[in-house]
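Here the structure comes first, spelled out in structure tokens, and everything after it is commentary.
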Amino acid sequence: MSFNHPLLLLTLLVVPVAVGVYLLAERRRMRYAVTYTNLDVLASVVGERSLRRYVPPALFLLALAALCVALARPERSTLVASDRATVILVIDVSGSMHARDVKPTRLGAAQAAVRTFLERVPKRVRVALIAFSSEPEVAAPPSTDRDVVRASVDELDFLQGYGGTAIGDALAAAVQLGKQAVKNQTGPQTIAYTATKPSSLVSILFLSDGKQTRGELQPLQGAQLAKAAGIPVYTVALGTPNGILYPFAGGFGGGGAGAVPRRIPVPPDPATLSAIAKLTGGKFFTARSAEAVQSAYKELGSKLGRVPGHKEVTNELLALAALFLLAAGVLSTRWAPRLP
């Protein structure tokens, strides 16, 4: 915890002063009590010297201490949303995303998870969307308009292709888009921090359900580009090891009446996606169910787009002081001795 006005912590010296005044008042009260001649009545008023008689004064001192600390404007270290942050969502839309080992389909589960992510990520963080199969395509440029991104997510069904999986090229496209987003940032910055690399400003959330089958760059070559740019890549391997795709012999789709169904294994490649996350300083998630991919995107929605910063807790201390004062007043009223 840090303080905007640390010198004002000297006001805490009033706490021991208040303790001294209280003890002095207690001694004077006991000195004058012996002048009261009816000792039986006095004993019934004073009662036993239980510890609870010290509770209200202790609560008052705690309230006083909280108020003194609040004057110094305390702050705690936390992650705060950045106006200049950009999160780039990269979604695999290759043919294997038709597989139904994750309900309703792998793509359907991914779309639902992205919608959850958009609800959790801070509103002033820019979000972009890249869809890829054999080559990447920017489905939505970086924007704070969540409706634009949601519309692009809904259209992923129409972008779904069957040409293969180009993980390395998709990473390269995301890195390029991230660099461009940082370069184009010209708005006011509400959080004070220093960033020499895009790592403070850009994050990539990469979801795929298969191995690299197409593309010019290998997955770790794309990851090296992200590492060089200081952009962490958070990866999600979607699907089960026994995932099966059922296209028809005549091609993907419904096929004719005489089409012969085939079984094509489509397991994810967690080893490669884990290596990408480790190399770039991100985090790897494995998702074998719709619930698991939802959980991953919920966690990342509460984390990405934030930078180290400070949050003032003055109001919390004022509320705590008020609570202590209220408790002290109530207990003083209930436990105060009364004349018979």
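When both residues are 6+ apart or on different chains and their Cβ atoms are under 8 Å apart, which pairs have a first residue that lies in the range 200-223 and is under 18 Å from THR286 (Cα atoms), and a second that is part of a loop (DSSP other than H, G, I, E, B) and of a type in the set (Val, Ile, Thr)?
From the range 200-223, the pairs are ILE204/ILE231; SER208/THR165; ASP209/VAL266; GLY210/THR165; GLY210/VAL266; LYS211/THR165; GLN212/THR165.
May I ask you to list the residues in the range 99-112 that are open to solvent by less than 20 Å² (accessible area, probe 1.4 Å) and polar (S, T, N, Q)?
GLN111
Could you say which residue among GLY210, GLY215, GLY161, GLY168 is touching a Pro at 6+ places or on another chain (Cβ under 7 Å) and either at pLDDT 90 or above or under 17 Å from VAL138 (Cα atoms) (or both)?
None of the others qualify; the one that does is GLY168.
Of the residues GLY178, GLY222, which is open to solvent by less than 40 Å² (accessible area, probe 1.4 Å) and either modelled with pLDDT under 95 or among the hydroxyl-bearing types (Ser, Thr, Tyr) (or both)?
None of the others qualify; the one that does is GLY178.
Conditions first: (1) exposed (fewer than 11 other Cβ atoms within 10 Å of the Cβ); (2) at pLDDT 70 or above; (3) among the basic types (Lys, Arg). ARG49 passes all but one, so which condition is the exception?
Unmet for ARG49, out of (1) exposed (fewer than 11 other Cβ atoms within 10 Å of the Cβ); (2) at pLDDT 70 or above; (3) among the basic types (Lys, Arg): (2).
Testing ARG120 on (1) closer than 15 Å to ARG150 by Cβ; (2) modelled with pLDDT of 95 or more, one condition comes back false. Which one is that?
Answer for ARG120: the failing condition is (2).
Suppose we filter SER96, SER77 for residues that are modelled with pLDDT under 85 and either over 22 Å from LEU245 (Cβ atoms) or surrounded by 23 or more Cβ atoms within 10 Å (Cβ to Cβ) (or both); which single one remains?
Just one listed residue meets the conditions, SER77.
The values are calculated or read from the model by the stated rules, or taken from the named source; none is laboratory data. Fair warning: this is a prediction, and the values are worked out from it, not measured in the lab. Cβ: placed from backbone, ideal geometry, glycine included. Neighbour counts: every protein chain shown. These area figures cover heavy atoms from the full protein model, side chains too; ligands, DNA and RNA do not enter into them. Shrake-Rupley method; radii C 1.70, N 1.55, O 1.52, S 1.80 Å.
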